Amino acid sequence: MSSKVKYKDIPIGLAVSVRTQTHTGGWRSFMPVVDEEKCTKCGLCVIYCPEACIEMTDAGIKFDMDYCKGCGICDNECPVGAIVMEREELVG
Amino acid sequence: MGTYKILDGNDAAAHGVALSRPDVMAIFPITPNTTLINGLAEMHAKGEIKCENVTVENEHSALSIIAGAAAAGARTFTASASQGVVHMEEVLWMIPGSRLPLVMAICNRSISNPGSLQCSHSDSLLQRDNGWLQLYCETSQEVLDTAIQSYKIAEDKRVLLPIHFCLDGYVLSANATPVDMPEQEEVDEFLPKYKPDHFYLDPTVVPDIAPGSPSYRGLETELRYQIEEAQERAKTVITEVNTDFAKKFGRSYGNGLIEEYRTEDAKGVLITMGSMTGTARVVVDQMREEGKPIGLVKLRSFRPFPTEDLKEIGKRVEAIGFVDRNFSHGGASGGAIGAIETSRALYHLEERPPLLGFVAGIGGRDVTYDDFRYMANKVLKTAKTKKVEKEVEWIQLMR
Amino acid sequence: MALKESNIILPGGTTCPGCSGPTIHRIIYNVLGQNVIQFGGGGCGGGSPRTIPLYSLHHSGVASGATGIVKALEAQGRTDITVIAMAGDGGASNTSFGKLSAAALRNDNMIFFTLDNEAYMNTGVQKSDLTPYQAWTRTTPLGKPTKKMDLPMIMTYHYVPYVATVTPAFHMDMVRKIRKAKEIKGFKYIHVLEPCPTGWRSDPSKSIELSRLAVQTGTWPLYEIENGDFKVTYKPKELKPVSEYMKPQRRFNHLSDTSIQEIQQMHNDDWERLLSKDGTNIW
């Protein structure tokens, strides 16, 4: 079978990817939206987000939408209700 | 060289392993390997082997432990037999896929039920599909030498596959003969330190792909073909190691894969594996005195199977008998694994000699001079008549 | 923030949305740092990509593979590297149980983490021996008739230097315990309650909340045992009712009020017993 990857080129002992990241941003239906006025920069959302998609900056929190799965834990855990999950519009 | 010790197969294996300087060994007893691991434990306690000795709780753990150790770059050892080998079956399959050059001794013993504490080759032959190399030893001397050679073969960059060196339970493992002991310095020169560059667990080595685990990415075909090629290359490596060993220590075992004994003008040959070869040699000598053209082939390497060597013999002789200390219930033409593999090797020869399968030695039953004479006569008769009366015969069956 | 994000566990893993596994992994690695070798995937919640080497044979050999790595590093003098073993609850309580026991008895120098999502989740929610009493699973559709195995207590009676229970909602408690374990030589056992929305049939956004309620209702007491010295590390004055923890999980919604009362009584008894051990040496 002719293919780009040739068996001789595969490093031996090879298997499951350890570092490969999947584009999980494509999974979500809801996306987190932060009200920067309310946010106290406590950092709890940063700790609890399973995908490590929330970054704390001097200006407040930033979401990495490439990976956010829309689970809503950040919304649920925010002590001041600064994060709200909103239905994401499908882009056609 | 020059120091002789009276050692049984187990002691010889323990000494061979000790001389090879393992880093981590996992020991668990099972008859008939028990004195092997007792010996290693004692040597370790006395400081004669400098390594980590892990007393494990079952064979499955023994193999997983040394797999982890080998993955972190250690030279390792474990030993088992019969039920223990079957218990670690799951892990045995994972090792060749991870390309870890483990060395393991199997003291061949029947698998229950019905089983025995005594010798059959079923336990090691059960591993013939999973990629482990297999060498079968005839004498204590060969066990010690093969232990050292096993490390060199397995760790060779062209191979990087795990290896079993097998010794018959009780018949070889518990029978003592004089063994020429190599010096540690000589072994150190022959066997350099294990330095893996294909699989080395270390926080600074992070591949994009994790070594060893099941190939979820759908590459099993390719990974297994790599193992297939490594087995093929192992034939060359086993032969080379045998030659190099002979140069350094003065002893060689045929060409490493098989040893031919008085086959030059033989009309028929018997093929044997393991310690029964010794008995067969005596009978071949006796029969040659009587003018009977019988020869003997000792099959040392079962994996990789020496297809080319057997093909050459098949071209020269007129009948072959394989003495199988095993069975394959319900198998083609009556089972008998050696006969099955040999017939495949010879199948496409232009002129195929008739092939007889003999099942003998099951459950440790002694394969006697009379048994060999019977089989040799059968082979020579078949060489004359070209008629195979029975494809596989259980020659020791009480009828 | 007390703990810097180490970026060892990366986003984009194939765990379910709301899985607490990656959160747990991140807390662990933020404490342990980069100089780690991991053996064992950690069960279903271990699907995150990471920048440290991970080798796994099968969930049936978790502690033993890790022992091998520890021994190799000792033989080579690379003893500054931390070796951790990560098992799911199926691996720890069932398939690798014997290996875990033996490694603990040998006092092999590793931290063994059980990531407990309370069933064999990766194969689709089948019961393990760490599944709680009365929980629905696909192999116990009427509710599991037997109690959850008390694995941390079993491990302390292997006479290992450190045993702890943790859960991600109480992350500073978890951080402190992992830091402590890292400094101890020998076999350290840390049991993490890992809420699983898929198997527990709960809202994905509630995973951390459930981990908090588990502790606050006394279902998952947080304690540590150092050489037999038992210490409860979170002692609410009053426990919340168990039903608060169980109601958001549809794996318990087949239970009648009577059953829930029965379970509440069991919890109360267990909590009393726990408090009586607090501050004593239980070896």
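Quick check on the range B:158-194: of everything there that is outside any loop (DSSP other than H, G, I, E, B) and aliphatic (A, V, I, L, M), which residue is nearest to B:L257 (Cα to Cα)? Taking the candidates together, the pick is B:I163.
Tell me, please, whether a residue that is within 14 Å of C:W200 (Cβ to Cβ), in a helix (DSSP H, G or I) and not β-branched (V, I, T) can be found in the range C:92-109. Scanning the range C:92-109 turns up no residue that is within 14 Å of C:W200 (Cβ to Cβ), in a helix (DSSP H, G or I) and not β-branched (V, I, T).
Within the range B:74-93, being crowded, with 21+ Cβ neighbours inside 10 Å, at negative phi and in a helix (DSSP H, G or I) holds for B:G84, B:V85, B:V91, B:L92. Scanning the range A:22-37 for residues that are facing chain C (nearest Cβ under 9 Å) and part of a loop (DSSP other than H, G, I, E, B) turns up A:T22, A:H23, A:R28. Residue count for the range C:69-82 under the criterion of being assigned to a loop (DSSP other than H, G, I, E, B), more than 7 Å from every other protein chain (Cβ to nearest Cβ) and of a type outside the set (S, T, Y): the result is 3. Looking at the range A:12-35, is at least one residue touching a Ser or Thr at 6+ places or on another chain (Cβ under 7 Å), closer than 20 Å to C:F170 by Cβ and crowded, with 22+ Cβ neighbours inside 10 Å? No: the range A:12-35 contains no residue that is touching a Ser or Thr at 6+ places or on another chain (Cβ under 7 Å), closer than 20 Å to C:F170 by Cβ and crowded, with 22+ Cβ neighbours inside 10 Å. Taken over the range B:374-399, the criterion of being crowded, with 17+ Cβ neighbours inside 10 Å and of a type in the set (D, E, K, R) is satisfied by B:K378, B:E393. Can you name the residue in the range B:24-73 that is assigned to a loop (DSSP other than H, G, I, E, B) and either within 8 Å of chain C (Cβ to nearest Cβ) or of a type in the set (D, E) (or both) and, of all such residues, is nearest to the chain's Cα centre (by Cα)? Checking each candidate, the answer is B:N58.
This table checks each residue for (1) within 16 Å of C:S20 (Cβ to Cβ); (2) of a type outside the set (G, A, S); (3) at pLDDT 90 or above.
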| position | (1), (2), (3) |
| --- | --- |
| A:V46 | yes, yes, yes |
| A:P50 | yes, yes, yes |
| A:E55 | no, yes, yes |
| A:D64 | no, yes, yes |
| A:C74 | yes, yes, yes |
| A:E88 | no, yes, no |
| A:G92 | no, no, no |
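Residue selection: C:T123 satisfies the criterion of being of a type in the set (S, T, N, Q), assigned to a loop (DSSP other than H, G, I, E, B) and closer than 26 Å to C:C16 by Cβ.
Residue count for the range C:224-275 under the criterion of being out of contact with any Ser or Thr (no Cβ under 8 Å at 6 or more places or on another chain), of a type in the set (F, W, Y) and either buried (at least 16 other Cβ atoms within 10 Å of the Cβ) or over 29 Å from C:P204 (Cα atoms) (or both): the result is 2. Considering the conditions (1) outside any strand (DSSP E or B); (2) more than 14 Å from every other protein chain (Cβ to nearest Cβ); (3) in contact with a Leu (Cβ under 6 Å, 6 or more places away or on another chain), C:A181 is excluded by exactly one of them, (3). In the condition set (1) within 11 Å of chain C (Cβ to nearest Cβ); (2) closer than 22 Å to C:T79 by Cα; (3) modelled with pLDDT of 95 or more, B:F77 is compliant with all but (1).
Please indicate, with yes or no, whether at least one residue in the range B:212-225 is surrounded by 24 or more Cβ atoms within 10 Å (Cβ to Cβ) and either touching a strand residue (DSSP E or B) at 6+ places or on another chain (Cβ under 9 Å) or assigned to a helix (DSSP H, G or I) (or both). Yes - at least one qualifying residue is present in the range B:212-225.
Select from the range C:50-68 the residues that are touching a residue at least 40 places away in the same chain (Cβ under 8 Å) and at the interface with chain B (Cβ under 7 Å from one of its Cβ atoms) and list them in ascending order. Listed by number, the residues that qualify are C:T51, C:I52, C:A66, C:T67. Does B:L270 meet the test of being crowded, with 18+ Cβ neighbours inside 10 Å and assigned to a helix (DSSP H, G or I)? Considered against the rule, which asks whether it is crowded, with 18+ Cβ neighbours inside 10 Å and assigned to a helix (DSSP H, G or I), B:L270 comes out as no. Inside the range B:192-209, residues that are surrounded by fewer than 18 Cβ atoms within 10 Å (Cβ to Cβ) and modelled with pLDDT of 85 or more make up a count of 5.
Answer yes if at least one residue in the range A:69-79 is outside any loop (DSSP other than H, G, I, E, B), at the interface with chain C (Cβ under 9 Å from one of its Cβ atoms), closer than 21 Å to C:N30 by Cβ and out of contact with any Phe, Trp or Tyr (no Cβ under 8 Å at 6 or more places or on another chain), and no otherwise. No.
Could you list all residues from the range C:9-49 that are in contact with a Phe, Trp or Tyr (Cβ under 8 Å, 6 or more places away or on another chain) and either surrounded by fewer than 22 Cβ atoms within 10 Å (Cβ to Cβ) or at the interface with chain A (Cβ under 7 Å from one of its Cβ atoms) (or both)? Residues satisfying the conditions are C:I9, C:P11, C:G12, C:P17, C:T23, C:V36. Are any residues in the range C:95-123 farther than 20 Å from C:I208 by Cα, more than 14 Å from chain B (Cβ to nearest Cβ) and of a type in the set (S, T, N, Q), and if so, which ones? Of everything in the range C:95-123, just one residue is farther than 20 Å from C:I208 by Cα, more than 14 Å from chain B (Cβ to nearest Cβ) and of a type in the set (S, T, N, Q), namely C:T123. The residues listed here are A:V84, A:V46; of these, the one that is assigned to a strand (DSSP E or B) and surrounded by 13 or more Cβ atoms within 10 Å (Cβ to Cβ) is A:V84. Within the range A:38-68, restricting attention to residues that are of a type outside the set (S, T, N, Q) and in contact (Cβ under 8 Å) with a residue 40 or more places away in the chain, the residue that is farthest from the other protein chains (Cβ to nearest Cβ) is A:K38.
Of all residues in the range B:305-326, exactly one satisfies the criterion of being of a type in the set (G, A, S) and touching a Ser or Thr at 6+ places or on another chain (Cβ under 7 Å), namely B:A319. Counting the residues of the range B:115-144 that are surrounded by 24 or more Cβ atoms within 10 Å (Cβ to Cβ) and among the β-branched types (V, I, T) gives 1.
Do you know which of the residues in the range C:193-215 that are more than 14 Å from chain A (Cβ to nearest Cβ) and not in a helix (DSSP H, G or I) is surrounded by the most Cβ atoms within 10 Å (Cβ to Cβ)? Among those that are more than 14 Å from chain A (Cβ to nearest Cβ) and not in a helix (DSSP H, G or I), it is C:L193.
The values are calculated or read from the model by the stated rules, or taken from the named source; none is laboratory data. Everything numeric in this text was worked out from a predicted model, so none of it was measured. Don't worry about glycine lacking a Cβ; one is built from the backbone with ideal geometry, like all the others, and counts go over all protein chains shown.
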